[in-house]
1. So which helices (runs of 4 or more DSSP H) stay within the stretch 11-79 end to end and still have 3 or more residues that are touching a Ser or Thr at 6+ places or on another chain (Cβ under 6 Å)?
2. Quick one: which residue in F51, F133, F60 is at pLDDT below 95 and touching a Phe, Trp or Tyr at 6+ places or on another chain (Cβ under 7 Å)?
3. Does V91 satisfy being under 18 Å from V120 (Cα atoms), assigned to a helix (DSSP H, G or I) and in contact (Cβ under 8 Å) with a residue 24 or more places away in the chain?
Amino acid sequence: MTNSLANEKVMPRPGKLGRIALWAAKIALVLIFAATGTSKILGVQQLVDGFVQIGLGPWFRYFTGAIEIGGALLLLWPLTSGLGALILLGVSVGAFFVQLFIMHGDVVHTLVLATLSGWVAWAARGALQARHFR
């Protein structure tokens, strides 16, 4: 029997500047998604109108707001930040397609949020693998 720890690849740690940039991205994502999720749940009229345009009921606005807040909270803890980033990546990709095909709006912000979320998820890949594939 071989030791499974000996067969694992060691992920290199980013330098100090990389860690600072990663935390800055996490903080930005937390603030953005917590604010937009809260606005959805509180029923800010512009967001209510957007979800009416999408054609799904208010339940989807509440659901999306809860997912955004949950993903933002998961970003705050190192063990769950990868999962939070993956959740927010999914939200961003979904928003991209809604903006592109239904609302015909600006998609740049969705691409920026997806890129940041994807980078955070990629940076946390070691923790994600350790938690979910053992």
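1. Output list is empty.
2. F51
3. Considered against the rule, which asks whether it is under 18 Å from V120 (Cα atoms), assigned to a helix (DSSP H, G or I) and in contact (Cβ under 8 Å) with a residue 24 or more places away in the chain, V91 comes out as yes.
Table: residues versus (1) surrounded by fewer than 20 Cβ atoms within 10 Å (Cβ to Cβ); (2) not aliphatic (A, V, I, L, M).
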{"site": "V48", "(1), (2)": "yes, no"}
{"site": "G55", "(1), (2)": "yes, yes"}
{"site": "T64", "(1), (2)": "no, yes"}
{"site": "W77", "(1), (2)": "yes, yes"}
{"site": "H104", "(1), (2)": "yes, yes"}
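The values are calculated or read from the model by the stated rules, or taken from the named source; none is laboratory data. Not measured: the values here are computed from a predicted model. No Cβ is skipped: glycine too gets one built from the backbone with ideal geometry, and neighbour counts run over all protein chains shown.
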